[in-house]
Structure formats: structure tokens, C-alpha cells
Amino acid sequence: MGTLYEALQLILQVLWFIMIVHIIMSWLINFQVLNLRQPLVAQIWDGLNRLLEPIYRPIRRMLPDLGGLDLAPLIVFIVIIIAQRALANNAGFFYGA
């Protein structure tokens with residue numbers, strides 16, 4: 001069961017990293033540091049959007065429209081932190097202690 005605990009923690013950490021990359025890349029695109037007409041940039045951006053949109057979409061439906069401000073990543077970050085702490089507080093269950 002310890003492996004399950006570590007796998008869940010790893011999945012949450014990878015999701016955290018992917019979200020950070022997506023957010024930084026969106027800033028770089030908006031400030032025209034990166035150009036979506038470059039094939040590699042466009043492929044990475046499309047891949048990140050395909051990974052994260054299924055997570056963001058339900059949250060965006062619940063949140064009010066705030067114009068250009070997207071709070072869905074912030075909500076997902078909070079959920080990830082809560083999930084990581086819940087896992088850490090219940091680590092004894094996974095390790096049989």
C-alpha cells in the first residue's frame with residue numbers, strides 16, 4: 001500500500017508541475033515572448049491544453065465570469081494541496097501503521 005501512497009503523491013506533484021508550466025507558458029504567449037505560429041510551441045501548448053482542460057472545465061462552469069481572469073488553476077492548486085495534506089495525514093493507513 002505504500003506504493004499506492006507514493007504513486008498518488010507523484011501524480012499530484014506531476015500535475016502541479018504541468019500546471020506551473022502551463023501558466024508560465026500562457027504568460028509568455030500573452031506577452032508575445034512565445035509565438036504560437038512556431039510548430040513546437042503550438043504542439044506543447046495544445047498538449048498542455050488537452051491535459052488540463054478536462055480538469056479546468058468543470059471548475060470554470062461553477063465560477064462566475066470574471067472577464068480575462070481565470071481562477072480555475074488557483075482552485076485546482078488548492079485542491080491539490082488539500083489532497084496532498086490529506087494523503088500525508090493518512091499515510092499510516094497506506095503503510096499499515
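For segment 28-35, just list the computed ³J(HN,Hα) in residue order, Karplus coefficients 6.51, -1.76 and 1.60, θ = phi - 60°, integers in Hz, with x standing in for Gly and Pro.
Calculated HN-Hα couplings, in order: 5, 5, 5, 8, 6, 7, 9, 10 Hz.
Using alpha-carbon positions, what is the distance between the centroids of segment 19-67 and segment 82-97, in Å?
Going from one Cα centre to the other spans 32 Å.
What number comes out for accessible area per residue over segment 2-88 if the probe is 1.4 Å? Units Å², please.
Values: 6160 Å² over 87 residues.
Ligands and nucleic acids excluded, the figure is 71 Å² per residue.
How big is the charge dipole of the chain about its Cα centre, in debye rounded to the nearest 20, if each Lys and Arg gets +1 on its Cβ and each Asp and Glu gets -1 on its Cβ?
That gives a dipole near 100 debye.
Keeping every protein chain in place, order Leu74, Leu12 by accessible area at 1.4 Å, biggest value first, i.e. largest first.
Listed by decreasing accessible area, they come as Leu74, Leu12.
Describe numerically, in nm with one decimal, the distance between label points set 7 Å from Cα along Cα→Cβ at Ile75 and at Trp27.
2.3 nm
Label points 7 Å out from Cα along the Cβ direction at Gln9 and Glu53: separation in nm?
Calculated label separation equals 3.4 nm.
If you bin every alpha carbon distance in segment 2-88 into 10 Å steps from zero, what whole percent lands in each bin?
With a bin width of 10 Å, the distribution comes to 15, 41, 32, 11, 1.
Keeping the other protein chains in place, figure out the carbon and sulfur percent of the accessible area of the chain, with a 1.4 Å probe.
For the chain, the apolar C and S fraction of the accessible surface comes to 67 percent.
The values are calculated or read from the model by the stated rules, or taken from the named source; none is laboratory data. None of these values were measured; they are calculated from a predicted model. Backbone-built Cβ (ideal geometry, glycine too); neighbour counts: all protein chains shown. With ligands, DNA and RNA removed, areas are computed over all heavy atoms of the protein, side chains included. Shrake-Rupley method; radii C 1.70, N 1.55, O 1.52, S 1.80 Å.
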